[in-house]
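The values are calculated or read from the model by the stated rules, or taken from the named source; none is laboratory data. Source: prediction; values computed, not measured. Glycine also receives a Cβ, built like all others from the backbone with ideal geometry; neighbour counts cover every protein chain displayed. To get the accessible areas, we keep the full protein, side chains included, count just its heavy atoms, and leave off ligands, DNA and RNA. Shrake-Rupley method; radii C 1.70, N 1.55, O 1.52, S 1.80 Å.
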Amino acid sequence: VCLKNLSKIFPIFMLLTNRRQLFLLLCYFNTVLTHKLTTISDSEASGLNPRVYVYDLPEFWDLKPLKLETLRTLPAENSEIFGTRCEHGLHNEFATHMYSAPIIMLWRLLRSSQYRTFDPKEADLFYVPMWPKQKSQKAWESRCDKNINLEVERRLKYLNEETAHRHFFIVGKGHVKVGGKCNAWWKNPTGLLRRAMRFAYSSDYGTSNRTGQERYGPYVLENERDVHQLGADVLVEDRQNSAYPHLISIPYPSSIHVSRQSLNKRLPMDWIPNKDSRRKVLVSFVGGAHTQSTFAAPRKRLRQDCAKAEDGLCEYFNYNHANGVFTCGLHNYMSNATFCFQPGGDSPYRKSLYDSFLVGCIPVIFSQYNAFVAPWHFWSNHRINSMVVLNATAYVSGEFDVLAYLASIDPVRIRKIQGTIAQHAHRLQYALDDYPDDAIDIILRGAWHMAKTRELLTLFPPSDFPE
């Protein structure tokens, strides 16, 4: 009977003659599907699209207008969506708010002919837009102080045993920044809400050793082995003692956005590495001091090294964004540089990381947090072929000269890195409309694959398999 039912999903199961064959085949499917969750292939854009039902929950909104269809009519350049188009900045550059991922997802789905469905019966995924407006930490605390956060489950009328794992939330912050009564649907959900997927700009590596303060993980994360040991299993079935169940990190919205009208899938940005792999400046650093954060430890020395560097080696722009919005034209600093420093700030993660990729500036990072962030969006071996990963502890202690190291990198290697970034960077941008393999497309396809994989693991839990 079991094999007969499974034949509806995988006809090949009917060819099996014993339990060992069944076990080996399930291992194979688990490997294949899990790999797809790590890297969603470009070729999948030619397949079917998941159908997404968008909940209309104005009681959980903090933006105007409150009607879905009115929001749908707003132009991309609205300050609540992508922000104003930069007249004197780079082509395709907008003044995009760094916390805008939830509202961009909502706006895109409302306007989409490829993904949106009005019929919950045919939906593959269900988007629950909770407090989607771009906002500061204080604004989040205000929203999460409302008792209505405790009522989310009963207000989702299509949430049930069959659909719970296909629901998803998006928070436009690091995952640890949302607390209070929002924990009822975000950090410590109960019941069916535990099965929903969650997306934020950060990954869950537990808490640091600092008593009483919840953090993203260790203040120093420089060993890949620690990443794998501390990282949460997003596929594991819902354990009541696990925080942030089914959390996956996604990119910050960068300031670069293209439309399908300008579609050139492999090179959607308007820059291509020229014959001279080195740009006007060797390395650029855009950012403030963040002196109170341990994650920002390299920043002080980076500013010192840039200040005493010869012309053409390092360009530093002391910049603190205003309320999450980056000034138009700012990215000229990155587009003129071969490398861009991307140290942590008040968190290990940076919007600027994605900006640098999308203007063709090779990121230089100082921890494994940014090497493993947004696992669905990055491409194979990107930690080797698309960025420079340095040891923050060694750099801060003066063990090497970072400018001398970057200057010594073979121009042939630099050009290869630039070419790889040019080929794949479109995966990191939130496009203005339905665009194959952009950040929105990859989130939705990844969520769809994850839901289907969890269904398979529910049918055949690992505990049922022989050791």
* Asked: Ranked from the most accessible area to the least, with a 1.4 Å probe and all protein chains present, what is the order of Leu156, Leu48?
  -> Leu48, Leu156
* To do: Over the range 373-467, give the accessible area per residue in Å² for a 1.4 Å probe, as an integer.
  => 38
* Would you mind working out the magnitude of the charge dipole of the range 327-454 relative to its Cα centre, with +1 at each Lys and Arg C-beta and -1 at each Asp and Glu C-beta, to the nearest 20 Debye? => 340
* To do: For Phe339, list long-range residues whose amide hydrogen, built 1.01 Å from N in the peptide plane, is under 5 Å from its own amide hydrogen.
  => Val283, Ser284, Ile362
* Asked: What number, in percent, do you get for the relative contact order of the range 43-187 if the mean sequence gap of Cα pairs under 8 Å and at least 6 apart is divided by its residue count?
  -> 29
* Using +1 at the Cβ of each Lys and Arg and -1 at the Cβ of each Asp and Glu in the range 337-467, identify which of Phe378, Tyr405, Tyr354 lies farthest towards the dipole's positive end. => Tyr405
* Over the range 346-404, relative contact order from alpha-carbon pairs under 8 Å, at least 6 apart, % -> 32
* Asked: Which whole-number percent gives the relative contact order of the range 119-177, counting Cα pairs below 8 Å spaced six or more residues apart?
  -> 63
* Tally Lys and Arg at +1 and Asp and Glu at -1 over the other residues with C-beta under 9 Å from the C-beta of Ala337: what net charge comes out? -> +1
* To do: On a C-alpha basis, how far is the centre of the range 97-130 from the centre of the range 154-175 in Å? Whole number, if you could?
  => 12
* Structure fact -> Of Glu153, Glu122, Glu161, Glu93, ordered by accessible area with the largest first and a 1.4 Å probe, the sequence is Glu161, Glu122, Glu153, Glu93
* To do: Hand me the trypsin sites (Lys or Arg not before Pro) from the range 136-232 located in a DSSP loop with no more than 11 other Cβ atoms within 10 Å, in residue order please.
  => Lys157, Arg210
* Structure fact -> Residues whose modelled amide H sits under 5 Å from the amide H of Arg116, counting only those 5 or more places away in sequence or on another chain, are Val52
* Structure fact -> In this structure, among Lys121/Lys187; Lys67/Lys138; Lys67/Lys133; Lys64/Lys135; Lys121/Lys452, pairs with alpha-carbon gaps over 23 Å are Lys121/Lys187; Lys67/Lys138
* **For the range 98-245, with +1 on Lys and Arg beta carbons and -1 on Asp and Glu, the positive-most of His228, Leu192, Met98 along the dipole** => Met98
